[in-house]
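Quick notes on the structure that follows.
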Amino acid sequence: MHRRSFLGLSAPSGVSPTPSVTALAPFEAPLSRRQARHLVTRLEFGARLRRVNGFVGLTAQEIVDFVLDEAQQFALPEAPRWYRRQQEGDIEDLYGVQRSWMFRMREQGFIEKITLFWHNHLVTQYPVYGAPYHAYSYYRLLRTQALGNFKTMVHRIGTDPAMLLYLDGATNVRNTSEKGSNENYARELLELFTMGITGPDGSPNYSEADVRQLSRVLTGWTVDGFSARPVPGLHDDGAKTLFGRSFPGDRDPRVEYDRVIDLIFEVRGAQIAHFICRKLYVFFVDPVPDEGAVAALASTFLDADFELLPVFRQLFTSARFLDVEYSGARIKSPVDFLVGFLNETETTPTTEVLEYFRVQLEPARLSMELFNPPDVAGWPGLNPPDAAQKPGDESWITTGLLPERWTILTDLMNGAAGNGVFDPVQIAIRVSDPSNPFAIAEDLASSLMPVPLALTSLRMLDEPFAGDVDLPPPPEVLNDPTRSALSKLLLAGTPWYEWPSLQEAGDGELEGARFLLREFLGLLTRELPEYQLH
């Protein structure tokens, strides 16, 4: 179990996952509740209870077939009115796109999570290209291509207006001076979007000469209003040599563009497959990649001619993916943290709450603003380890960012983020026996924690339960230190037998229970560092 030492956690002995290529063999047994929760958390945002309940007892193959089929059935959201009218939009329109995407993340799960993955991979930054229209077109492209063919996605993104403006493709013209063509997109296409600097064996995947030649191929595109347009007069139609292959130029930029995408995937297909599967493994399984498992996925990807669904099916149905010892292996990204909490507490956000979350994701706060990654490499927290082999997800937690997370959830629970959306009484009714405080305490904690409660850093409480000593809690509570500690935290000095039935209590009793539940949930999310993991 990958427990983060800087969160004050240590790994219990004997529970570390063992890297093994054979672990990508299918997991055929029906899923337990813990396995179902783990799967839901990784494929979606948070462990929504009804989703977990629906998957318990099914096989991984049945669940993954359902999730992927469902993802393909979700239609594109209706475009905003300003987009349909081909208006550029303003900053408030972009904020609306960010809010609506968070809402769909909560509702539509995997299709939005994999779209977020591609947003972090094929990066653009809104402040560079400016127009909300281009941001929304870029999102639609990623979401449409998210489950399809990676080569097709790469082909499409290269002539997307947001990308052309972001990496200077729209100003990359044939050499009319000693400066030469603009190399920005050519370099990132190779280094970050397809193959990486080196292959799995450490050998270089391309040369500086390849970058220069590729930049010549990519000349001659412009953004005309809201769409990309090839301009033959600005295209370098001379002969070129790339990856040791020489070919004549063509006056039409589209002909050379199609040709070079085919060439890249032909001569560096194995390297591309490994590079992409490594990022997928890190995003969905573990921040430290197992290169053997990555190689197995890459082989599948290459054999499928860069179709993504076979890779997803192999990974998500594997014993490796479903190994619950990987529960808690990743630190939640800010988006996972916020949207996941809404799902785990069955809270439907208002526009006011979504706007509060949007502001919290800005660079000056949690630093995961949608449509604005920090640079062309994306968010480090979603990427493989850096050159020093530090896991990327460790960037999500600092001494400043952790208190920010606590404050945000406190604001949501007490109404400062938006009134009337968070009701802990209704949460307790949905997840547990509303008349049993012991069950409520355990079930709420279980619904939030990625690991068994006995493995959390829950503080044991020695003081006795409050109330009449002749009316002690049941033996199964008194004799279980974890259940006992959780119950005492919830009751906070209230005799257990005074807990009301939440479905029958009057307003006064409900308000008292609501206060205790709110404080209990706050304690769980603040004092148990495991809540920061998934």
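The values are calculated or read from the model by the stated rules, or taken from the named source; none is laboratory data. None of the values given here were measured: they were computed from a predicted structure. As a convention, Cβ positions derive from the backbone with ideal geometry for all residues, glycine included, and neighbour counts pool all protein chains shown. Note: accessible area is taken over every heavy atom of the protein model, side chains too, but ligands, DNA and RNA are not part of it. Shrake-Rupley method; radii C 1.70, N 1.55, O 1.52, S 1.80 Å.
Helix 60-73 axis versus longest C-alpha principal axis of the chain: approximately 60°, rounded to the nearest ten. What the pair-distance distribution of the stretch 355-476 shows, using all Cα-Cα distances binned every 5 Å from zero, is 2, 8, 11, 13, 16, 15, 12, 9, 6, 4, 2, 1, 0, 0 percent. Working from Cα positions, state the angle (0 to 90°, nearest 10) between the long axis of helix 334-344 and the longest principal axis of the chain. Orientation of helix 334-344: about 40 degrees from the principal axis. Inverting the pair-averaged 1/r between distinct Cα atoms of the stretch 247-331 gives 14.4 Å as its Kirkwood hydrodynamic radius. 3J(HN,Hα) along the stretch 365-373: 10, 7, 6, 9, 5, 4, 6, 8, x Hz, from the Karplus curve 6.51 cos²θ - 1.76 cosθ + 1.60 with θ = phi - 60°, whole Hz, x for Gly and Pro.
For the chain, the solvent-accessible area of protein heavy atoms averages 39 Å² per residue (probe radius 1.4 Å; ligands and nucleic acids excluded).
Close amide-amide hydrogen proximity is noted between residue 221 and 172, 231, each under 5 Å apart and 5 or more residues distant or on a separate chain (H modeled in the peptide plane; Pro and chain starts excluded). Rg then Dmax, both in Å and based on the Cα atoms of the stretch 322-404: 14.1, 42.
Taking 20 °C and 1.002 mPa s as conditions, the stretch 86-127 diffuses translationally at an estimated 186 µm²/s according to Stokes-Einstein applied to its Kirkwood radius (Cα pairs). Provide the net charge surrounding residue 442, with neighbours chosen by a C-beta distance below 14 Å and charges set as Lys +1, Arg +1, Asp -1, Glu -1. For residues surrounding residue 442, the net value is -1.
Counted residue by residue at 0.36 nm each, then reduced by the alpha carbon distance between them, the extension gain from residue 478 to residue 254 reaches 73.3 nm. Global size of the stretch 133-224: 14.2, 43 Å for Rg and Dmax (C-alpha atoms, Rg to one decimal, Dmax whole). Count Lys and Arg as plus one, Asp and Glu as minus one, and take only other residues whose Cβ is under 9 Å from that of residue 287; the net charge is then -2. Expressed as a whole percent, the accessible area of the stretch 456-534 that falls on carbon and sulfur atoms is 51 (1.4 Å probe). The lysines within cross-link reach of residue 113, meaning a Cα-to-Cα straight distance under 23 Å and a gap of 8 or more places when in the same chain, are 151, 279, 332. Between residue 263 and residue 346, the C-beta separation translates, for a Förster distance of 56 Å, into a calculated FRET efficiency of about 0.65.
Here the chain is treated as an ellipsoid with the same Cα gyration tensor; its semi-axes, largest first and in whole Å, are 48, 25, 18.
Charged neighbours of residue 148, selected by a Cβ distance under 13 Å, balance to +1 (K, R count +1; D, E count -1).
Axis angle, to the nearest 10 degrees, between helix 291-303 and the longest C-alpha principal axis of the chain: 50 degrees.
Peptides 249-255, 352-358, 468-474 ranked from most to least packed give 352-358, 249-255, 468-474, packing being the mean of other C-beta atoms within 10 angstrom over each peptide's residues. Measuring nothing but protein heavy atoms, the accessible surface of the stretch 63-211 at 1.4 Å probe radius is 45 percent carbon and sulfur.
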